[in-house]
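Asker: Have a look at this one.
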Amino acid sequence: MSSRQRQRAASQSPRTNAPPGGPGQSGLAAPLNPARIALYVGLAVLGAVVGLAGALVQAGLFPGGLLLALAASAGLFYGGRVLARTQLGALAPAVGWFIAVVVLLSGRPEGDYVFGEEIGLTLFMLGGMGVAVMCATMSRLPYSATNTGRPGT
C-alpha cells in the first residue's frame, strides 16, 4: 500500500480522539438546570424589589429620583443578562419589575397609589420597559480580551 493510499484510508476512518456524542444541546432543547432556574427566580424577585424601591424613590425625589430608579433598573437588567449569559437573564428581572410596578399602580380602595406625579409614572414605566427591551435584545455580550484564548492579548 502506497503512502497516498494510506493517507486516503486514514482520512476515511473515524476519529478515535473525538468526544462521544454530538454537540451539547442549548436553548429550549437543553435539559432543565435547577441552578439556572433558581437564578432566574432570584433575578425576578430582585426585579420586584428594585421596582418597589424605584417607585418610592422616583415619586419622592423627582426628577433625580427618577434617574436613580431607572439607573438601578438598567443595572439590574444588564447585570442579569451578563450573569446568565442569555436574554432570559435580562427578562427575568424585568418581569419581576413589571409585576411590582403594576401591583403598585392598582392602588388602594381609597383611591391612593404610590406614584406621585403622572409624568413621573409615565417616564418610569416607559423608561424601565425601554431599558429592559434594550438589555434583552443586545446582539452579544462584550467579553474581556484576557479570556479570549488568543496568544498575544
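Asker: What spacing in nm lies between the two simple spin-label points modelled at Ile99 and Val49, each 7 Å away from Cα in the Cβ direction?
Answerer: Rounded to a tenth, the inter-label distance reads 1.6 nm.
Asker: How much length would be gained if the chain were fully extended between Ser106 and Thr137, taking 0.36 nm per residue of separation minus their Cα-Cα distance, in nm to one decimal?
Answerer: Details: separation 31, 0.36 × 31 = 11.16 nm, distance 2.92 nm.
Using 0.36 nm per residue and subtracting the Cα-Cα distance, I get 8.2 nm.
Asker: Using every alpha carbon pair in the range 44-113, what percent of pairs falls into each 5 Å bin from 0 up to the bin containing the largest distance?
Answerer: Computed distribution, short to long bins: 4, 19, 23, 23, 16, 9, 4, 2, 0.
Asker: Give the ranking of Met125, Met134 by solvent-accessible surface, highest area first, calculated with a 1.4 Å probe.
Answerer: Working: Met125 25, Met134 125 Å².
My answer, sorted largest first, is Met134, Met125.
The values are calculated or read from the model by the stated rules, or taken from the named source; none is laboratory data. As the structure is a prediction and not an experimental result, all values here were calculated from the model. Positions of Cβ are backbone-derived with ideal geometry, glycine not excepted, and every protein chain shown enters the neighbour counts. In case anyone asks, the SASA skips ligands and DNA or RNA and just uses the protein heavy atoms, side chains included. Shrake-Rupley method; radii C 1.70, N 1.55, O 1.52, S 1.80 Å.
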